[in-house]
Each structure stands twice: as C-alpha cells, then as structure tokens.
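Structure, as structure tokens:
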Amino acid sequence: MAIGWLKVIQSVPWSDVISNAPKVADGAKGLWDRMSKKVAADTEASDDVAPTQTAPTHTLEQLQSELAALRSSHLQLETQMLGATELINSLAQQNQDLVQRVDRLQSQMRWLRGAWVLALLVLCAAGLKWAFPSLLGF
C-alpha cells in the first residue's frame, strides 16, 4: 500500500504545484482580506444607516446617497465574487490534473497486478513441473 502512495506522490508534477502555490495562496489571502474588510465596512455602514432609518421621511438626497452606497457595495461584491471565481477555477484545474494522474496510476496498477498474477501462475506451474514432472504430464 505504501508503494502505491509513493508512486502517486512521485508522479505529481511538483514543479507545477510549487509554481502555482504562490498564486493560489495570494488568491486565498486576497479573498480573505476582501471578506474581512467587507465585514468591517458592513458593520460601519449599518451603524451609519441606523439613524436614517428612524427618520419618518426620506429626502431625495438621502435616498440617492443610499442608492450610491448600495451600488458601491454591489460593485465590491462583484469584485469579490470574481476573485473567488478565479481562485476556485485555479483549484479546480489543479484538482482535475491530480485526478487524471491518479486515474492513470490506477490503470497502471491494474496492469501491474495482472502481470504479477501471470508471473505467479507461470512460477507455480514451473515449480509444479519441477517438483512433480510425472503428475502434470508436461
């Protein structure tokens, strides 16, 4: 079992994984930073919006400023979504590459097992012929 894992680990293109690791890490860090800034901005925005919600009437300027804030928030969310999408695509591509390599290794292992079984049968037949030459009639 350890030999199978060793083959899997050896067949991974570590140069590609290592070269792409900084991109993935930077993408994850950027996503984390954007999300943490957004949470802080949302907390501040909810504190700022609370007094205007208690006012019985809204002026046109207040509504326009709220609309502008919502548009800005919407654009930030779209930017974060695009960043998350890029990160997910990068991880998905790496996952797909690893899955293809594992499939290839599984196929090779099936052939290798078949070759071992065939070699074992040949050795058993040769051993039986040597041990009991008259029994098998070879």
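The values are calculated or read from the model by the stated rules, or taken from the named source; none is laboratory data. Predicted model, so just to flag it, every value in this text is computed and none were measured. Cβ: placed from backbone, ideal geometry, glycine included. Neighbour counts: every protein chain shown.
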Filter result for residue 82 (out of contact with any helix residue (DSSP H, G or I) (no Cβ under 7 Å at 6 or more places or on another chain), part of a helix (DSSP H, G or I), closer than 27 Å to residue 22 by Cβ and not small (Gly, Ala, Ser)):
yes
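Look at residue 117 and say whether it is part of a helix (DSSP H, G or I), β-branched (Val, Ile, Thr), farther than 30 Å from residue 23 by Cβ and free of Cβ contacts under 8 Å to residues at least 12 places away in the same chain.
Values: part of a helix (DSSP H, G or I): yes; β-branched (Val, Ile, Thr): yes; farther than 30 Å from residue 23 by Cβ: yes; free of Cβ contacts under 8 Å to residues at least 12 places away in the same chain: yes.
For residue 117, the condition - part of a helix (DSSP H, G or I), β-branched (Val, Ile, Thr), farther than 30 Å from residue 23 by Cβ and free of Cβ contacts under 8 Å to residues at least 12 places away in the same chain - is met.
If a residue has to be at pLDDT 85 or above and under 28 Å from residue 28 (Cβ atoms) to count, how many in the stretch 38-68 make the cut?
To start, the set of residues in the stretch 38-68 that are at pLDDT 85 or above comprises 59-68.
If we keep only those that are under 28 Å from residue 28 (Cβ atoms) as well, we get none.
So the count comes out to 0.
Can you give me the number of residues within the stretch 78-107 that are free of Cβ contacts under 8 Å to residues at least 24 places away in the same chain and among the hydrophobic types (A, V, I, L, M, F, W, C)? I'd like the intermediate steps shown before the answer.
The initial filter retains those residues of the stretch 78-107 that are free of Cβ contacts under 8 Å to residues at least 24 places away in the same chain, namely 78, 81-82, 85, 88-89, 92-93, 95-96, 99-100, 103, 106-107.
Applying the additional criterion that residues be among the hydrophobic types (A, V, I, L, M, F, W, C) yields 81-82, 88, 92, 99.
The number of residues fulfilling the criteria is 5.
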Which of the residues that make up the stretch 72-85 are exposed (fewer than 15 other Cβ atoms within 10 Å of the Cβ) and of a type outside the set (S, T, N, Q)?
74, 75, 77, 78, 81, 82
